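What follows is one structure encoded as structure tokens, with my remarks underneath.
The values are calculated or read from the model by the stated rules, or taken from the named source; none is laboratory data. Because the structure is predicted, anything quoted here is derived from the model rather than measured. As a convention, Cβ positions derive from the backbone with ideal geometry for all residues, glycine included, and neighbour counts pool all protein chains shown. Keep in mind that these areas ignore ligands, DNA and RNA; they rest on the heavy atoms of the full protein, side chains included. Shrake-Rupley method; radii C 1.70, N 1.55, O 1.52, S 1.80 Å.
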Amino acid sequence: MCGIVGIVSKKYNILPSLIDGLKNLEYRGYDSAGVAYFINNNLKIIKEKGTVKNLENKIDFKEKVNIGIAHTRWATHGNANKINAHPHNVNHITIVHNGIIENCNELKKDLKDYNYTFKSNTDTEIACAYLSYCYDQNKNIHMTIERFMDKVKGSYAIALLIDNDNKNIYLLKKESPLIIGLGKDTNYIASDITAILNYTNKYISLDDFQYAKVNYKDILVYNKSGDVLKKKI
Ligand code: GLU
């Protein structure tokens with residue numbers, strides 16, 4: 001289990017802070033790193049084996065980006081390589097994940113019956129495909145997450161982007177830490193406060209079976225049934 005960082009801002013210059021956040025999580029150890037962000041409504045995913053520096057060298061910091069998620073991976077399912085590195089994308093859904101999906105083999109078998117194919121050897125891509133499968137049925141992220149939480153066993157801190165929704169980062173949490181940092185016209189997500197301490201020390205911790213929708217103005221935290229919760233900062 002390694003690290004997650006995400007930023008959504010009114011301003012279009014988040015890429016340096018996203019990489020800075022990953023660097024602040026390097027002490028935890030990792031084998032690969034990646035980012036996903038929207039640029040002009042198009043999703044872009046960049047990932048590399050090895051250090052955050054390798055990833056940084058592949059990024060065009062001139063791009064004007066105001067929403068993105070990033071990850072350092074500690075492989076549990078599948079070798080440490082570029083294909084297995086996060087983010088993973090299946091159809092409209094892109095995720096980074098810390099944790100272990102215990103029933104991934106069973107889920108993979110079911111998803112193959114629905115003609116899903118897999119590029120990586122990770123449990124994370126299976127989780128992503130399952131989210132995509134649920135989302136394609138109802139196009140409702142709340143119902144998708146509730147169904148995911150009912151079905152999926154194991155631990156997960158997940159940050160999720162949906163195509164055609166370039167204002168929000170969605171978060172899902174069970175048995176793996178995930179926090180939301182509050183900034184000015186900018187909100188942050190992280191697996192660990194050290195990732196974002198350069199920007200804020202105000203944060204909300206998600207509890208197990210909670211999920212959230214985060215944009216630059218608002219943070220909405222829900223329980224599994226979709227009720228909005230009042231969280232302590
Ligand atoms: N189980 C996932 C994988 O092997 C996530 C590992 C992590 O927490 O970095 O890709």
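Can you give me the Rg/Rh ratio for the stretch 56-118, using Cα atoms for both radii and the Kirkwood formula for Rh?
On the way: Rg = 14.6 Å, Rh = 14.2 Å.
Radius of gyration over Kirkwood radius for the stretch 56-118 works out to 1.03.
Rounded to the nearest 500 deg cm²/dmol, what is the calculated helix-only ellipticity per residue at 222 nm for the chain, with -39500 (n - 2.57) per DSSP H run of length n ≥ 4?
-6500 deg cm²/dmol, from helical runs alone.
How do F118, F38 stack up against each other in accessible area, from largest to smallest, with a 1.4 angstrom probe? Please list the in-between numbers first.
Details: F118 45, F38 10 Å².
Solvent-accessible surface, decreasing: F118, F38.
Along each of the three principal axes of the Cα atoms of the stretch 115-233, give the extent in whole Å, ordering the values from largest to smallest.
45, 29, 27
Under a point-charge model restricted to the Cβ atoms of Lys and Arg (+1) and Asp and Glu (-1), what is the dipole moment magnitude of the stretch 75-233 relative to its Cα centre, in debye to the nearest 20?
Result for the stretch 75-233 is approximately 340 debye, rounded to the nearest 20.
Tell me, how many Å apart are the Cα centres for the stretch 27-86 and for the stretch 214-231?
Each part reduced to its Cα centre gives a spacing of 26 Å.
Please check: in the Gaussian network model of the chain (C-alpha springs, under 10 Å), which one of T186, T144, T117 has the largest mean-square fluctuation.
T117
Pick from A80, A159, A190 the residue whose mean-square fluctuation is largest in a GNM of the chain, springs joining Cα atoms under 10 Å.
A80
Any idea of the accessible area per residue across the chain, 1.4 Å probe, to the nearest Å²?
Ligands and nucleic acids excluded, the result is 44 Å² per residue.
Can you pick out the pairs among K108/K167; K11/K82; K64/K213; K58/K112 whose Cα atoms lie more than 25 Å from each other?
On the way: K108/K167 30 Å; K11/K82 30 Å; K64/K213 22 Å; K58/K112 33 Å.
In this structure, K108/K167; K11/K82; K58/K112 exceed 25 Å between Cα atoms.
Ignoring ligands, DNA and RNA, what percent of the 1.4 Å accessible area of the chain is carbon and sulfur?
On the chain, the fraction of accessible area on carbon and sulfur atoms equals 46 percent.
What longest range of the chain stays clear of loop-exposed GluC sites (Glu not before Pro) (DSSP non-H/G/I/E/B, at most 16 other C-beta within 10 angstrom)? Before the final figure, lay out the partial values.
Working: sites that count: E63, E102, E175.
With a cap of 16 other Cβ atoms within 10 Å, the longest stretch comes to 103-174.
How large is the dipole of the stretch 134-193 about the Cα centre if only Lys and Arg carry +1 and Asp and Glu carry -1, each at its Cβ, rounded to the nearest 20 debye?
120 debye
With a/c under 1.5 counting as rounded, go ahead and sort the stretch 20-83 into rounded, prolate or oblate using the C-alpha gyration tensor (a ≥ b ≥ c being the square roots of the eigenvalues; past the cut-off, prolate if a/b is larger than b/c, else oblate).
prolate
Beyond 34 Å, what share of the Cα-Cα pairs of the chain is found? Please give it as a whole percent.
Result: 6 percent of Cα pairs exceed 34 Å.
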